[in-house]
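Novice: Here you go, one structure.
The values are calculated or read from the model by the stated rules, or taken from the named source; none is laboratory data. Just so we're clear, the structure is a prediction, and the values are computed from it rather than from any experiment. For neighbour counting, all protein chains shown are included, and Cβ atoms are generated from backbone atoms with ideal geometry for every residue, glycine included.
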Amino acid sequence: MTSPDRFDARPEVLRLEGVSLWLSGREILHDVGFSLRAGELTGLIGSNGAGKTTIFRVILGLETPSSGRVLFAGHPRPHRNRLIGYVPQSIGLDPDVPLRARDLVALGIDGDRFGIPLPSRGRRRLVDDMLEAVDAQAFADTRVGKLSGGELQRSLIAHALISQPRLLLLDEPLASLDIRSEQEVVGLLARIAREQQIAVLISAHEMNPLLPVMDRVVYVASGRAASGSTEEVVREDVLSALYGHHVDVLHLQDRILVVAGKDEGHHLELEREQHALPPRGLG
Amino acid sequence: MFAGFMVHAWVVATMVAVVAGVVGFFTVLRGSAFVAHAVPQAGFAGAAGASLIGISTFAGLGTFAVVSALAIGMLGKRGRHDAVTALALVFMLGLGALFLSWSEEYASAIYALLFGEVLGVSTNQVLATAVLGVVCISAVVILYRPLLLSSVMPEAAEARGVRSHRMEMYFLVVVALVTTMSVPVVGALLMFSLMVGAPGAARSFTDKPLGALGLSVGISVAIVWIAIAASYETDWPVGFFVGVLGAVFFVTGRGWAAWRRSGAGRVERARQPATGPMRFTTATGMNTEPT
Ligand SMILES: Nc1ncnc2c1ncn2[C@@H]1O[C@H](COP(=O)(O)OP(=O)(O)OP(=O)(O)O)[C@@H](O)[C@H]1O
Ligand SMILES: [Mg+2]
C-alpha cells in the first residue's frame with residue numbers, strides 16, 4: 001500500500017514512548033508505544049476492555065502514565081490543549097436537551113471559556129463552514145437528541161474540528177452505525193486527515209471498515225499494543241505474541257478476520273489445522 | 001393589588017422568579033431536579049433550627065443549604081449522586097420534623113418556610129434577595145459555556161480542561177444560594193416548581209439553549225405574577241397557584257412539542273428527496289458511494 005518512507009516524511013504530531021499505567025492496583029496499559037503523523041489516519045483496534053479508551057485518556061492528559069512519556073510534536077503535552085479534538089465514546093444525550101447541532105459545533109470553538117458568547121457574524125460563518133465541511137447543513141438546526149447516529153457523529157466531528165486541532169481522536173465513532181453511515185463517516189475522516197493534514201486516531205473493535213483508508217494500525221490487546229502498517233501488524237506471529245496465545249489471521253477477499261478467542265466454538269475447527277502449520281517465531 | 005405592602009411582594013417575587021428560571025435551566029439540563037428538591041428541604045431544617053435557638057432564620061437556612069449542597073457534591077463524587085441526594089433529603093426532612101416538634105409556637109413561621117410568605121416581605125429581605133440574586137446570575141453568566149459543555153458532554157469537557165466535578169461543586173453552591181433567597185418567599189416545597197417546572201416547560205418550546213434559558217425566566221416570572229394576583233383575588237395560598245401553574249406550563253409544553261413533532265415529521269419526509277447521496281473521494285483513491 002504505502003512504504004514506511006512516506007510516513008517518515010510527514011511531521012510527527014504525537015508519540016507515546018513505553019507508556020504503562022496502573023489503576024486501582026491493576027496494570028491497564030503495559031509498555032505502549034506508537035506515533036501519529038500529520039495527514040495520517042491510524043486505527044486503534046482492540047476488543048472490549050483492551051485499553052483503547054484508556055489510551056485516549058492518557059493522550060488527553062486525563063490519566064498520568066505510571067511510566068513512559070507522551071510527546072506532543074516532540075514536547076511534553078501542554079496542560080490544556082485546544083490542539084487535540086476529541087469525540088468521546090457513545091455520549092448519552094438527553095433527547096430533550098435544547099441544543100441544536102450548530103450549538104454543539106459552536107461549543108467546540110471555545111466551550112471551555114467563561115462567559116456567554118456574543119453572537120457574531122464571524123462565529124456564525126465559522127460554524128456554517130464547519131457544518132458544510134462535514135455535510136451537516138441539512139440538520140444544522142435539528143435538536144441533537146433527534147439526530148440519527150450518523151448525523152450525531154458528523155456533528156461531533158465538527159465540534160472536535162472547529163478549534164482546528166492538529167490531532168483528532170475518535171473513540172468508537174463507528175459503533176451503532178449502519179454500513180452506509182459507516183462508509184460516510186470513514187470517508188469523511190480520511191478526507192479530513194488528507195486535506196487538513198491532521199493526525200487522526202480512530203478506535204474500533206472491528207478493523208475492516210477502516211482498512212481502505214487506514215495508513216497505520218495500533219493493535220491493542222489486554223493493555224499491550226503493536227503498531228505499524230496493516231501488513232506489519234495484522235499477522236499471525238505479531239498478534240499471537242501480543243495476545244500471548246495463538247491467533248489466526250484469515251484473509252477473505254478484501255476483509256481480514258482475526259480469530260483470537262481461545263474458547264470460541266468456531267475456533268476449534270481452526271485450531272486443528274494449526275498443527276499442520278510450521279511453528280512460527282513470536283516477535 | 002399594587003399598593004403599599006404589595007410592592008415588596010411583587011419586587012421580591014419577580015427577583016426570585018428570574019433567578020430560579022436561570023438556575024433552573026441548568027438544573028434540568030444536568031438532570032439535577034432531585035438536588036433542587038433536597039437542598040431547599042435542608043434549608044427548611046436549618047431555618048427551623050435557627051428559629052428554635054433564636055438566631056436569624058436566614059442564616060440557618062443559608063448555612064444548611066450550602067453545607068448540604070457541598071456534602072451531596074463531595075459524597076456523590078463518583079458519577080451519579082441520586083442515592084446521596086435522597087439520603088440528604090430524608091435526613092434533612094427528619095431533622096426538620098424534629099425541630100418542628102420542639103417549637104409549636106412557631107407553627108405559622110414554619111408553614112411560611114414550607115409554602116412561602118410572599119405577601120409579608122420586609123425591606124431587609126428585599127435587599128438580601130437582591131444581593132443573592134445578583135451573585136447567582138453573575139455566577140451562571142460566568143460559568144455558562146463550561147457548565148453547558150460539561151452538562152452535555154462531560155468527557156469532551158474534561159478533554160478541554162473543564163473539570164466536571166469542579167463545575168458540579170460550583171453549580172451546587174449556586175443552587176444553595178438560590179435556595180437561600182427563594183425559600184423565605186416561595187417556600188421550600190414550591191421553589192422546586194419554579195426551578196423545574198418553568199425550565200422543563202421552556203425546553204419544549206425552543207431548540208436553542210439561550211432561547212430556552214430566556215423562556216425559562218419568562219415562564220417562571222409569569223407563574224409567580226399570576227399566582228400572586230390570583231392569591232390576592234381569591235385569598236387562596238400563593239403556593240397553590242405556583243404549584244398548579246408549574247404543572248400546567250410543563251404539560252402545555254409537552255403537548256406543544258408533541259404537536260410540533262407530528263407537524264415537523266411531515267416536513268422532514270417532504271425534504272428527503274432533496275438530499276442526494278454523498279460521495280467522498282479519498283487520497284487512497286477509494287470512492288465510496290452509498291447506495
Ligand atoms: N479508573 C479505572 N480503574 C480501574 N480499572 C480501569 C479504570 N479505567 C479502566 N479500567 C480498566 O481498564 C481496562 C481497559 O478499559 P478501556 O475502557 O480502556 O477499554 P476499551 O478498549 O476502551 O474497551 P471498550 O471497547 O469496551 O470501550 C478495562 O479492563 C477496565 O476495566
Ligand atoms: Mg472504550
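Novice: Which of the following residues is more than 16 Å from ligand 1 (Cβ to nearest atom), surrounded by 24 or more Cβ atoms within 10 Å (Cβ to Cβ) and touching a residue at least 24 places away in the same chain (Cβ under 8 Å): A:VAL186, A:VAL218?
Specialist: The conditions single out A:VAL186.
Novice: Return the only residue of A:VAL97, A:VAL58 being within 9 Å of chain B (Cβ to nearest Cβ) and either surrounded by fewer than 22 Cβ atoms within 10 Å (Cβ to Cβ) or touching a residue at least 40 places away in the same chain (Cβ under 8 Å) (or both).
Specialist: Unique residue meeting the criteria: A:VAL97.
Novice: Related question: So which of B:ALA264, B:ALA274 ends up being modelled with pLDDT under 90, loosely packed, with under 11 Cβ neighbours inside 10 Å and within 12 Å of chain A (Cβ to nearest Cβ)?
Specialist: Just one listed residue meets the conditions, B:ALA274.
Novice: In addition: Out of the residues in region A:136-171 meeting the condition of being within 17 Å of A:ALA38 (Cβ to Cβ) and in a helix (DSSP H, G or I), tell me which one is farthest from the other protein chains (Cβ to nearest Cβ).
Specialist: A:LEU161
Novice: Shifting gears a bit: Quick one: which residue in A:VAL32, A:VAL13, A:VAL19 is hydrophobic (A, V, I, L, M, F, W, C) and away from ligand 1 (no atom under 13 Å from the Cβ)?
Specialist: On inspection, the qualifying residue turns out to be A:VAL13.
Novice: Among (1) buried (at least 22 other Cβ atoms within 10 Å of the Cβ); (2) in a helix (DSSP H, G or I); (3) in contact (Cβ under 8 Å) with a residue 60 or more places away in the chain, where does A:ARG194 come up short?
Specialist: With (1) buried (at least 22 other Cβ atoms within 10 Å of the Cβ); (2) in a helix (DSSP H, G or I); (3) in contact (Cβ under 8 Å) with a residue 60 or more places away in the chain applied to A:ARG194, the lone miss is (1).
Novice: Say we look at region A:40-61 and pick out the residues that are more than 7 Å from ligand 1 (Cβ to nearest atom) and in contact with a helix residue (DSSP H, G or I) (Cβ under 6 Å, 6 or more places away or on another chain); which of these is modelled with the lowest pLDDT?
Specialist: A:LEU60
Novice: Taking the condition of being more than 9 Å from chain B (Cβ to nearest Cβ) and surrounded by fewer than 22 Cβ atoms within 10 Å (Cβ to Cβ), how many residues in region A:173-183 meet it?
Specialist: Counting residues in region A:173-183 that are more than 9 Å from chain B (Cβ to nearest Cβ) and surrounded by fewer than 22 Cβ atoms within 10 Å (Cβ to Cβ) gives 4.
Novice: If A:SER240 passes every condition in (1) within 16 Å of ligand 1 (Cβ to nearest atom); (2) crowded, with 17+ Cβ neighbours inside 10 Å but one, which one does it miss?
Specialist: Failed condition: (1).
Novice: A further question follows. Here's a check for you: in region A:35-55, which residue that is of a type in the set (A, V, I, L, M, F, W, C) and more than 14 Å from every other protein chain (Cβ to nearest Cβ) is nearest to A:ASP112 (Cα to Cα)?
Specialist: A:LEU36
Novice: Just checking: which of the helices (runs of 4 or more DSSP H) contained wholly in region B:108-204 hold 1 or more residues that are more than 14 Å from chain A (Cβ to nearest Cβ)?
Specialist: Those helices (runs of 4 or more DSSP H) span B:123-152, B:164-186, B:188-192.
Novice: Going residue by residue through region A:12-34, is there one that turns out to be farther than 30 Å from A:GLU195 by Cβ, within 13 Å of chain B (Cβ to nearest Cβ) and either more than 16 Å from ligand 2 (Cβ to nearest atom) or among the hydroxyl-bearing types (Ser, Thr, Tyr) (or both)?
Specialist: Scanning region A:12-34, I find at least one residue that is farther than 30 Å from A:GLU195 by Cβ, within 13 Å of chain B (Cβ to nearest Cβ) and either more than 16 Å from ligand 2 (Cβ to nearest atom) or among the hydroxyl-bearing types (Ser, Thr, Tyr) (or both), so the answer is yes.
Novice: Still on this model: With A:ALA158, A:ALA140, A:ALA199 as the choices, which residue is under 25 Å from A:ARG10 (Cβ atoms), in contact with a Ser or Thr (Cβ under 9 Å, 6 or more places away or on another chain), more than 16 Å from ligand 1 (Cβ to nearest atom) and in contact (Cβ under 8 Å) with a residue 40 or more places away in the chain?
Specialist: A:ALA199
Novice: I've got another one for you. Return only the number of the condition from (1) hydroxyl-bearing (Ser, Thr, Tyr); (2) modelled with pLDDT of 90 or more; (3) surrounded by fewer than 16 Cβ atoms within 10 Å (Cβ to Cβ) that B:THR63 does not satisfy.
Specialist: Here B:THR63 clears every test but (3).
Novice: Let me ask something else about it. Got at least one residue in region A:230-237 being modelled with pLDDT under 90 and either within 16 Å of ligand 2 (Cβ to nearest atom) or outside any helix (DSSP H, G or I) (or both)?
Specialist: Yes, there is a match, as at least one residue in region A:230-237 is modelled with pLDDT under 90 and either within 16 Å of ligand 2 (Cβ to nearest atom) or outside any helix (DSSP H, G or I) (or both).
Novice: Which members of region A:178-216 meet the condition of being within 16 Å of ligand 2 (Cβ to nearest atom) and touching a Pro at 6+ places or on another chain (Cβ under 9 Å)?
Specialist: Result: A:ILE202, A:SER203, A:ALA204.
Novice: Select from region A:161-183 the residues that are farther than 28 Å from A:LEU126 by Cβ and within 13 Å of ligand 1 (Cβ to nearest atom) and list them in ascending order.
Specialist: Selection gives A:ALA175, A:SER176.
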